[in-house]
């Protein structure tokens, strides 16, 4: 019996190595995630405040503000989906079902959960983390704003952001007026963006087994107040509207460098 | 599959069979020492036939297993080389074991599901890296040499793993998010005016917990679900005709991003933890279609 086992094992090893020589398998490659703001946002800082004017003519000053960027992940391409403009048609022609059993508790290896607290009065670039997923094709990016936990990155010293997704203290000035009206937002509500096209309208396609990829999620803080009429919006819904506007103006940039040069 | 791969796979199978035959794990529990299963439902043959050949709500029941013997079988069979179990004494899994972590699994699946996953790993293929091999089959090997007693013991052990889960099964921020697409084929369309995304959970309420569950849902569950941005409705149905959990709760989301935001939000995980405290093992389905809908073309009313 042992001779038979040895012979079979040797046979298996020969087969394995001959296969390995003939077709080098795709290998895991790093995905780097970054959080960024629009270039105009960085220029909108006046002293220690962020100042912008929204599309309704309100001038908004953020005196203190923080945002919790909770997680970022590449989302797998649907199985068998043709990567073309026909994808939306295909989506309407088939149904999607995911049986969440073992899978529901399985971490997405392409996800990072930085829980990065970002200052809204000093918007800048943050390295949000790295992932090393096995070879896989991805077609979307999901960015989620959600409440921070105690282990969140860069928790501010001047405000308790644990359990908060967004905090803003500031003021607005109605068009034609010079009176600054103070307001404060503080919420734990989550909201996010799911993007299948990168900036420039190119469809997202990341093959992690073939390239090193950098995913940059870029927000537009100056547009976070667009559509908001401060004079009429109920204070309770203001945070929801700002979050929604923030995620409505998210863009994603994907840079892949062929790992084989 | 290439010839080399076929030879490799065949050789590995033969080697595995040989190893299992030479070093077959032995259970220290004898069948005679085990508790017999509690007698189940009693009915006449006529009643059985009237109910469609199986009792209403029937599902296969395994004989009771021995948790300790199952733990030993788990180790003897080499399961720890692929599956981590938090707090397990002997785990051969490295930093990134290829199989799913089994900590806390007992809370999430019924015993029959564990048995099927061991006996026939291809029966349910989970989408996501590490579950399905390049050949389209489950990466979990089959164990045809297992005895019924070993199977019962293994299942008892897996069902006992109700603690130490590093992640709630509803903690979807990092959930494998692949969506299997099935051709609609001959399935009738629903008549919903606007496409939705559905998250469905089927379950049974733990014995004696119905009133407490209803009170919790009225006071906390419903308002918290309906406060979720993009969650448009939550409905619970009872289906007494099928095996397994008779209750099904369906969350309808405005769109894909609303569903993903919900699954990723840590507040949702908190909400599900409260929900799950009232229910037994359960499964979830994500879909484009509601799990149940009426098809007018295949239905009728006297007034039609």
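The values are calculated or read from the model by the stated rules, or taken from the named source; none is laboratory data. Quick caveat, the model's predicted, so the values are computed rather than measured. Please note: Cβ atoms are built from the backbone with ideal geometry, for glycine as well, and neighbour counts cover all protein chains shown.
If you check residue B:214 against the conditions, is it more than 14 Å from every other protein chain (Cβ to nearest Cβ), part of a helix (DSSP H, G or I) and more than 30 Å from residue A:162 (Cβ to Cβ)?
Yes, satisfied.
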Condition set over 10 Å from residue B:202 (Cβ atoms) and within 12 Å of chain A (Cβ to nearest Cβ), scope segment B:282-292, selection modelled with the highest pLDDT: answer is B:290
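Could you tell me how many of the residues in segment B:289-304 are assigned to a helix (DSSP H, G or I) and free of Cβ contacts under 8 Å to residues at least 24 places away in the same chain? If you could, list the steps in order and put the result at the bottom.
Step one: of segment B:289-304, the residues assigned to a helix (DSSP H, G or I) are B:296-298.
Narrowing the set further to residues that are free of Cβ contacts under 8 Å to residues at least 24 places away in the same chain leaves none.
The number of residues fulfilling the criteria is 0.
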Among residues of segment B:260-279 being touching a residue at least 24 places away in the same chain (Cβ under 8 Å) and not in a helix (DSSP H, G or I), the residue farthest from the other protein chains (Cβ to nearest Cβ) is B:278
Scanning segment A:139-153 for residues that are facing chain B (nearest Cβ under 10 Å) and over 14 Å from the mean Cα position of the chain (by Cα) gives A:147, A:148, A:149
When restricted to B:254, B:260, B:301, B:273, the only residue more than 23 Å from residue B:228 (Cα to Cα) and either surrounded by fewer than 19 Cβ atoms within 10 Å (Cβ to Cβ) or in the same structural domain as residue B:200 (by TED's automatic domain parsing) (or both) is B:301
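Looking at segment A:11-25, can you tell me whether even one residue there is more than 13 Å from chain B (Cβ to nearest Cβ), modelled with pLDDT of 50 or more and in a loop (DSSP other than H, G, I, E, B)? Break it down stepwise before answering.
Here is the first cut: in segment A:11-25, the residues more than 13 Å from chain B (Cβ to nearest Cβ) are A:24.
Keeping just the survivors that are modelled with pLDDT of 50 or more gives none.
No, because not a single residue in segment A:11-25 is more than 13 Å from chain B (Cβ to nearest Cβ), modelled with pLDDT of 50 or more and in a loop (DSSP other than H, G, I, E, B).
Taking segment A:32-78, which residues are out of contact with any strand residue (DSSP E or B) (no Cβ under 7 Å at 6 or more places or on another chain), in a loop (DSSP other than H, G, I, E, B) and in contact (Cβ under 8 Å) with a residue 60 or more places away in the chain?
Residues satisfying the conditions are A:48, A:55, A:56, A:57.
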Restricting attention to segment A:166-217, the residues that are without any contact (Cβ under 8 Å) to a residue 12 or more places away in the chain and in contact with a helix residue (DSSP H, G or I) (Cβ under 9 Å, 6 or more places away or on another chain) number exactly 0
Exception for residue B:61 within (1) at pLDDT below 85; (2) more than 17 Å from the chain's Cα centre (by Cα); (3) away from chain A (no Cβ under 12 Å) falls at (2)
